[in-house]
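Student: First the structure, which I've put down as structure tokens, then a few questions once you've had a look.
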Amino acid sequence: MVGSLIGAEYVVQDNLGFGGGKPVEIRFSGDDSRKLMEITNAYMEKLRQVPGAVDVGLSEQAPKDELQIELDRGLANSLGITANDAAQALRVAFAGIEVGDWVDPTGETRDVAIRLHPDDRISADNIEQLPIAVTGTDKMIPLSQIAKITMGKGPARIEHSNGKRMIAVAANVEGRAAGEVTSDAMKLAKSINFPPGYGIALGGAGKSQNEIFSAMGTALIMGIGLMYLILVMQFGSFTAPGAVMLSLPLSLIGVVLALISTKSTLNLMSLIGIIMLMGLVAKNAILLLDCARKREAEGYGREDSLMYAGRMRLRPILMTTFALIAGMLPVAIGIGEGSEFYRPMAIAIIGGTITSTLLTLLVVPTFYDSIEIARDRMFAKFGRRAQRWNAFIAFVLTFIEAILTLIFVRLIFRLLMKLLTVIGLLR
């Protein structure tokens, strides 16, 4: 039906994108609009060759015919005519000037303005004969004597960005991820040798996507930090929540595999799913460690407590996991109105939940046991150092050693020492 409209130009856009505009938009800015049009037209031809870029076009509308008047300032000044004199004569000819008023038959007073006839305003030959008054005299000279009048093309709309003229090149995406096409488009734009004063910037949906991703990353980091503080208060330990924090990346394995297998992309909804996963994964680890720590507080050994917690918490963890997967499955399949929008979130949650549940039961007890063993060793070293020196020096040395352990410097040093020992033995 739309295709039958004569003269209509139309494109199909994905309303599920960022910002409602085209996914790819590169903004070119500079001082001269005609130079910008030349740069953007050449860029469009190259962008059309990028795989996945379709419906390539300009934010600028098609240029319109305009009357271009180029004043010979040197000749005009020698005749005693300024640029303002020529501009005033042109303003009277095109915009008109009020010369009085009159009272219409209804008794209402109306202003009277005069200007050239519309037919005379569109003809370059008529404009050339426009008389220009010479200041201080009663002489008049035609405009063609001090200016060059031609018909040319001019911008239909003028856009500015940071005080400079701006023209945007936009495109839709087909067959590839919007982020990949945008990255290729930016590389292509950066390869252009711009004159001084000209530049590029990412705009449209791509810019909105980057801003949203930055905000979501900040929210994710803040959420993990608050989660750690709450677990510190719950467990009464700064080291025990470390096992829970180390279990969070386990969900990303399933997220990546699920998105790749379903040919989905990392977008706003999948990021929301990842943030939700952080809480779901932590929930399973908390259930496991809380039971283990209670058992340990009763006097049982750490390994025995972890084994007991695994047996006792296996059923609740599996029940909540299956319930969550069953709830997200219709959305992941795409059943129901609007499910296509939420589908990446459901896929990310299901994939991350499956891998995190399986790995939580195996990895979290290992992380917890290793962290607690390292903590016990640190306390033992602190006690020995406090007896040898004093509590302050012992604390500083133990703290530095803990930091070096966390950033793997201590591990690398030990590996190097062992390597040197092996080389020495071989010699």
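Student: For LEU229 paired with THR109, estimate the spin-label separation in nm (one decimal), with each label point 7 Å from Cα along the Cα-to-Cβ line.
Tutor: 7.2 nm
Student: Can I ask one more? Report, ordered by chain and residue number, the lysines lying within cross-link reach of LYS35, taken as a straight Cα distance under 18 Å and ignoring same-chain residues fewer than 8 apart.
Tutor: Correct list for LYS35: LYS46, LYS64, LYS153, LYS164, LYS190.
Student: Can you give me the % of accessible surface on the chain that is carbon or sulfur? Probe 1.4 Å, all protein chains present, nothing else counted.
Tutor: Carbon-and-sulfur percentage of accessible area, whole number: 62.
Student: Any idea what the dipole of the stretch 98-145 comes to, in debye rounded to 20, about its Cα centre with Lys/Arg Cβ at +1 and Asp/Glu Cβ at -1? If you can, show how the numbers build up before the last one.
Tutor: On the way: 4 positive and 10 negative charges, 42 e Å.
Taking the Cα centre of the stretch 98-145 as origin, the dipole is about 200 debye.
Student: About the Cα centre, and with charges only on the beta carbon of Lys, Arg (+1) and Asp, Glu (-1), how big is the dipole of the stretch 174-311? Nearest 20 debye, please.
Tutor: 100 debye
Student: Another one. Can you pull the percent of Cα pairs in the stretch 251-365 with separation above 18 Å?
Tutor: In whole percent, the long-distance tail amounts to 52.
Student: Hey, another quick one. Suppose the chain between MET216 and PHE194 were pulled fully straight at 0.36 nm per residue; how much longer would it get relative to their current alpha carbon spacing?
Tutor: 4.5 nm
Student: Take each of the peptides 121-134, 232-245, average the number of other beta-carbon atoms within 10 Å over its residues, and list them starting from the highest.
Tutor: Descending packing order for the listed peptides: 232-245, 121-134.
Student: How big is Rg to Rh over the stretch 308-357, alpha-carbon atoms, Rh as the Kirkwood inverse-mean-distance radius?
Tutor: My calculation of the ratio gives 1.12.
Student: Decide, for the stretch 62-111, between rounded, prolate and oblate: order the square roots of the alpha carbon gyration tensor eigenvalues as a ≥ b ≥ c, take rounded if a/c falls under 1.5, and otherwise choose prolate if a/b is larger than b/c, else oblate.
Tutor: oblate
Student: Give the angle, between 0 and 90 degrees and rounded to the nearest 10, that separates the Cα long axis of helix 409-426 from the longest principal axis of the Cα atoms of the chain.
Tutor: Relative to the chain, helix 409-426 is tipped by roughly 60 degrees.
Student: I need the peptides 266-277, 193-204 ranked by packing, meaning the mean over residues of other C-beta atoms within 10 angstrom, with the highest value on top. Walk me through the numbers on the way to the answer.
Tutor: Numbers: 266-277: 19.9, 193-204: 15.1.
Top to bottom by mean Cβ count within 10 Å: 266-277, 193-204.
Student: Would you compute, from DSSP H runs of 4+ residues alone, the mean residue ellipticity of the chain at 222 nm, taking -39500 (n - 2.57) per run and dividing by the full residue count, rounded to the nearest 500? Don't skip to the answer; put the middle values down first.
Tutor: Details: 14 runs with 252 residues, N = 427.
After summing the helix terms and dividing by the residues of the chain, the value is -20000 deg cm²/dmol.
Student: Let me ask something additional. If packing is taken as the average count of other Cβ atoms within 10 Å, what order do 83-95, 356-368 fall into, highest mean first?
Tutor: By packing density, highest mean first, the sequence is 356-368, 83-95.
Student: The chain: D in µm²/s via Stokes-Einstein (Kirkwood Rh, Cα pairs, 10 °C, 1.306 mPa s)?
Tutor: 54 µm²/s
Student: According to the square roots a ≥ b ≥ c of the eigenvalues of the Cα gyration tensor, what is the shape class of the stretch 332-427, taking rounded for a/c under 1.5, prolate for a/b larger than b/c otherwise, and oblate for the remainder?
Tutor: prolate
Student: Roughly speaking, what is the stretch gain from PHE392 to ASP31, that is 0.36 nm per residue apart minus the C-alpha to C-alpha distance, in nm to one decimal?
Tutor: Additional length available on full extension: 123.5 nm.
Student: Strictly greater than 23 Å: what percent of every Cα pair in the stretch 204-293 meets that?
Tutor: Summing the P(r) tail past 23 Å for the stretch 204-293 gives 33 percent.
Student: Continuing with the same structure: With viscosity set to 0.692 mPa s and temperature to 37 °C, compute the Stokes-Einstein D of the stretch 84-140, Rh being the Kirkwood radius across alpha carbon pairs; µm²/s, no decimals.
Tutor: The calculation lands on 249 µm²/s.
Student: May I ask you to list the residues of the stretch 346-363 whose amide nitrogen lies under 17 Å from a point 7 Å from Cα along the Cα→beta-carbon direction of SER339?
Tutor: Residues passing the 17 Å test: 346-351.
Student: Additional query: Rounding to the nearest 20 debye, state how big the charge dipole of the chain is about its Cα centre with +1 on each Lys and Arg Cβ and -1 on each Asp and Glu Cβ.
Tutor: Dipole about the Cα centre, nearest 20: 3460 debye.
Student: Once the convex hull of the C-alpha atoms of the stretch 327-380 is built, how many Å³ does it hold per residue, rounded to a whole number?
Tutor: In the stretch 327-380, the Cα hull volume divided by residue count equals 82 Å³.
Student: Quick one: grab Rg to one decimal and Dmax as a whole number for the stretch 42-131, Cα atoms only, in Å.
Tutor: In order Rg, Dmax, the Cα atoms of the stretch 42-131 give 22.4, 69 Å.
The values are calculated or read from the model by the stated rules, or taken from the named source; none is laboratory data. Note that this is a predicted model, so its numbers are computed, not measured. Neighbour counts run over all protein chains shown; Cβ positions are idealised from the backbone, glycine included. For accessibility, only protein heavy atoms count, side chains too; no ligands or nucleic acids. Shrake-Rupley method; radii C 1.70, N 1.55, O 1.52, S 1.80 Å.
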